[in-house]
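Undergrad: If you scroll down you'll find the structure; I have some questions about it.
Please treat every number below as a calculation from the coordinates, not as lab data. Everything quoted here is computed from the prediction, not taken from an experiment. We place every Cβ from the backbone using ideal geometry, glycine too, and count neighbours over all the protein chains shown.
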Amino acid sequence: MLKLLSILIVGLVFESTGVILLKKGITHIGDMNGVTASEIFRIVKASVTNPQIMLGVFFEALFFICLLILMSKSDISFLWPLTALSFVFATFAAMWFLGESVSIVRWFGVILIVIGAAFISYSEHAKEKPAPPTSDQSPVTEK
C-alpha cells in the first residue's frame, strides 16, 4: 500500500508540474482568437515549438505512466478518486509558481477533496481481507 501511495504522489507531482508548464507555455503563445481551423493550427504550431509546453507534455506523459502502473496494481474505485488530489497539488503549485490568488471558497473545495481522499484511503484499509486457508485444506500425501 505504501508503495502504491508513493507512486501516486510522484505521479501527482509530475501531473502538477506538467499543468504549470503548460499554463506558462500557453501564456507565451497568447489567447485564441476564435475557434477556426487556422487559429487552431496557429496554436498547435506554436505549442510544438514552445519548450515549456513540450516539457509540460513530457511531465503529463510521466504522470500517465505512473497511472498505468497504479491501475495494474489496484482497484480503480480506490485509485481514480485519489487522483483528485491532483487538484490540491495544482492549487498549491499555482500559488507558488504562477502567483495565483486562491479564494477561501476554493480552499474549502480543496479541503473537501482531501477529506474525500482520506475516506477512500480508509476504505482500502477497512476492506475485508481474504481468509487464510484453514487446516482442513492441507495437501494430501501419497502412501
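Undergrad: Can you pull the Kirkwood radius for the stretch 2-127, inverse mean 1/r over Cα pairs, to one decimal in Å?
TA: 16.2
Undergrad: Quick one: check the C-alpha center-to-center distance for the stretch 1-47 versus the stretch 81-125, whole angstrom.
TA: 18
Undergrad: Where in the chain lies the longest segment free of GluC sites (Glu not before Pro) that are both loop residues by DSSP (not H, G, I, E, B) and have at most 16 other Cβ atoms within 10 Å?
TA: The longest such stretch corresponds to 1-99.
Undergrad: Additional query: For the chain, what does the helix formula give at 222 nm: sum of -39500 (n - 2.57) over DSSP H segments with n ≥ 4, over the residue count, nearest 500 deg cm²/dmol?
TA: Details: 6 runs with 107 residues, N = 143.
Helices in the chain give a 222 nm mean residue ellipticity of -25500 deg cm²/dmol.
Undergrad: Using the Kyte-Doolittle scale, find the helices of the chain whose mean hydropathy is at least -0.5 and whose Cα atoms extend 27 Å or more along the helix's long axis, counting only whole DSSP H runs. Before the final figure, lay out each step's value.
TA: Numbers: long enough: 2-29 (40 Å, 1.50); 51-73 (34 Å, 1.84); 104-126 (33 Å, 1.48).
Qualifying helices, which must be both long enough and hydrophobic enough, are 2-29, 51-73, 104-126.
Undergrad: For Val48, Val114, Val105, what's the fewest-to-most ordering of other Cβ within 10 Å of each Cβ?
TA: Ranked by crowding around the Cβ, least crowded first: Val105, Val48, Val114.
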